1. Net charge around residue 86, counting only other residues with Cβ within less than 12 Å of its Cβ (Lys, Arg = +1; Asp, Glu = -1)?
2. May I ask for the percentage of alpha-carbon pairs in the stretch 1-105 that lie more than 18 Å from each other?
3. Starting from the Cα of residue 187, draw a straight line to each of the lysines and keep only those under 20 Å, dropping any in the same chain fewer than 8 residues away.
4. Rank the residues 234, 75, 303 as a footprinting-exposure proxy: fewest other Cβ atoms within 10 Å of their Cβ go first.
5. Find the centroid of the Cα atoms in the stretch 305-321 and in the stretch 177-234, then give the distance between the two in whole Å.
6. Using only alpha carbon pairs under 8 Å that are at least six residues apart, calculate the relative contact order of the stretch 187-274 and give it in whole percent.
7. Taking the 0 to 90 degree range and rounding to the nearest ten, how far is the long axis of helix 217-237 tilted relative to the main principal axis of the chain, both from C-alpha atoms?
8. Starting with the fewest neighbours, write out 314, 61, 176 ranked by other beta-carbon atoms found within 10 Å of each beta-carbon.
Amino acid sequence: MLDKSLSDETRVNFFLSLGKHYENEKDYDTAFECYSRGNALRREHEIYDPVQTQVVHDRIIDVFNRVFLQEREGWGDPDTAPILVVGLPRSGSTLIEQILASHSMVEGTMELPDLSRVISGLSRRSSRGVEYPEAVKNLDAADIRALGQSYIESTMRYRTGKAYFIDKMPNNFSSIGFLHLILPNAKVIDARRHPLDSCLGSYKQLFFKGQSFTYEQFELGHYYLQYRRIMDHWKQVLPNKVLDIHYEQMVTDQENQTRRLLEHCGLPWEDQCLKFYETDRAINTASSEQVRQPIYTKALNFWRNYEAHLGELIETLEPLLKELPPEDQPESLKL
């Protein structure tokens, strides 16, 4: 029993650390109990509304339709420097970032807040109380170009002069239409992973801030569905804008996937990208230790260790899980 006088934050940290301990001991039942208790306690201090997430995505999809984007094609700043790596946490984005940052022409930065700041500023300046995304409809070509220039200028403080730089803010996935509008030549990589491994990885991770959807199974699954829905929309209205890199394919077919990655970014081949773990740079995400060693496969299908405890998550993600090959589906969906 934990001392009741301990703060909730301390207790949450204890439960999740204890969960990791039991996981290392391969006592997955006890590990999940600890993770679950810690997450339930953390959820009491988070504000998250799944309905609001869906409503916001509905509005973004409505505004950034194919006609809207085609009518404004070429309005933005033509700078080719930005490479955005998006996706959900714990899905391989840090590995992708480290591979790219091992290239001599690419600057590795961090999870930059600059795109969301440009969007927030747009809402604040909008007349008649019109907010993003609807506020974008009132912008002319000069306004759009200026927003692209604003993003580029604000990111200069993270850069040292290389031709390209990486923005690894995962939650930028919902802003790809806006990004394309203001920076049509920016490259986008979507870090994908098995839905259950992706969600479980977030569930086990105590985030410093943000990611408030990760502490409850239904909310986590619902958010994943919304992520996939809006990414499907971008592929429909912006063909070839986004390259999917699947974690499972990267760790089992590293060279070919790295070649796809560099080709999408317009970068020449460099062997150093295969030895990404030798690249010395600051990494401030939960995957910092993993990308300092060669690629390994032990994390593939890790969710199976916890399958008996993921019923609510599996039920929420069922539409996507049934699209996977039978060998990648939970046993409960095969009955």
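1. On the way: positive: 168, 187, 192, 241; negative: 97, 111, 167, 190, 244.
Net of charged neighbours comes to -1.
2. 74 percent
3. 162, 168, 235, 241
4. Fewest to most other Cβ atoms nearby, the residues stand as 75, 303, 234.
5. One Cα centre to the other: 17 Å.
6. Working: 59 pairs, mean separation 32.7, N = 88.
Relative CO of the stretch 187-274 lands at 37 percent.
7. Computed tilt is about 30 degrees.
8. Working: 314 22, 61 19, 176 26.
Lowest count first: 61, 314, 176.
Each reported figure results from applying straightforward, stated rules to the coordinates on display, with no laboratory input. Just so you know, these numbers come straight off a predicted model, no measurement behind them. No Cβ is skipped: glycine too gets one built from the backbone with ideal geometry, and neighbour counts run over all protein chains shown.
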